[in-house]
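Enquirer: What follows is a single structure, and I will ask about it in a moment.
The values are calculated or read from the model by the stated rules, or taken from the named source; none is laboratory data. Since this is a predicted model, take the numbers as computed values, not measurements. Ideal geometry is used to build each Cβ from the backbone, glycine not excepted, and the neighbour counts take in all protein chains shown. Surface areas here come from the heavy atoms of the whole protein model, side chains and all, with no ligands, DNA or RNA. Shrake-Rupley method; radii C 1.70, N 1.55, O 1.52, S 1.80 Å.
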Amino acid sequence: MTLIIENLDDKFVPAFKSLANVLNAKVKDTQALEWKKEADKMIKDYKNGKLKAYETIEELKAELEDDI
């Protein structure tokens, strides 16, 4: 049997993981997997110089204003 629960509030995830543990079932958190993929891509882009990081919000604002 497969049970898919979408858009689950993060505060309920531990409860479902505990329930799965009691039932000897597996829980696959696909949202976390997607976030990890995005984070890995962002880190890779940053290391390759394709993504710029700012120390402060003021630096970001200045950069955006320069582009206008």
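Enquirer: Grab the DSSP H runs of the chain that are 4 residues or longer, score each as -39,500 (n - 2.57), total them, divide by all residues and round the 222 nm result to the nearest 500 deg cm²/dmol.
Expert: Helix contribution divided over all residues of the chain: -18000 deg cm²/dmol.
Enquirer: Which of these values of Rg and Dmax of the Cα atoms in Å was calculated from the structure shown: (1) 11.6, 35; (2) 15.2, 49; (3) 19.4, 58?
Expert: (3)
Enquirer: Leaving out ligands and nucleic acids, and using a 1.4 Å probe, what accessible area per residue does the chain come to in Å²?
Expert: 100
Enquirer: What order do 57, 68 take when sorted by accessible area (1.4 Å probe), most exposed first? Each step should come with its number before you reach the end.
Expert: On the way: 57 90, 68 170 Å².
Correct descending sequence by accessible area is 68, 57.
Enquirer: Next up: Taking the Cα-to-Cβ direction at residue 15 and at residue 66 and moving 7 Å from each Cα, how far apart do the two end points lie in nm?
Expert: 5.0
Enquirer: Can I ask one more? Report in % the part of the accessible area of the chain that belongs to carbon and sulfur, leaving out ligands and nucleic acids; probe 1.4 Å. Please report the intermediate quantities before stating the final value.
Expert: Details: 3800 of 6830 Å².
Roughly 56 percent, rounded to a whole number.
Enquirer: Can you find, among 14, 51, 68, the residue farthest towards the positive end of the dipole of the chain? Put +1 on the C-beta of Lys and Arg, -1 on that of Asp and Glu.
Expert: 14
Enquirer: What accessible surface, in Å², does a 1.4 Å probe find on residue 61, ignoring ligands, DNA and RNA and rounding to the nearest 10?
Expert: 110
Enquirer: Using a simple charge model, +1 on the beta-carbon of Lys and Arg, -1 on the beta-carbon of Asp and Glu, nothing else, what dipole does the chain show about its Cα centre, in debye to the nearest 20?
Expert: 740
Enquirer: Something else about it: Given the Cα-Cα distance of residue 44 and residue 56 and 0.36 nm per residue of separation, how much length would full extension add, in nm?
Expert: On the way: separation 12, 0.36 × 12 = 4.32 nm, distance 2.16 nm.
Length gained, residue 44 through residue 56: 2.2 nm.
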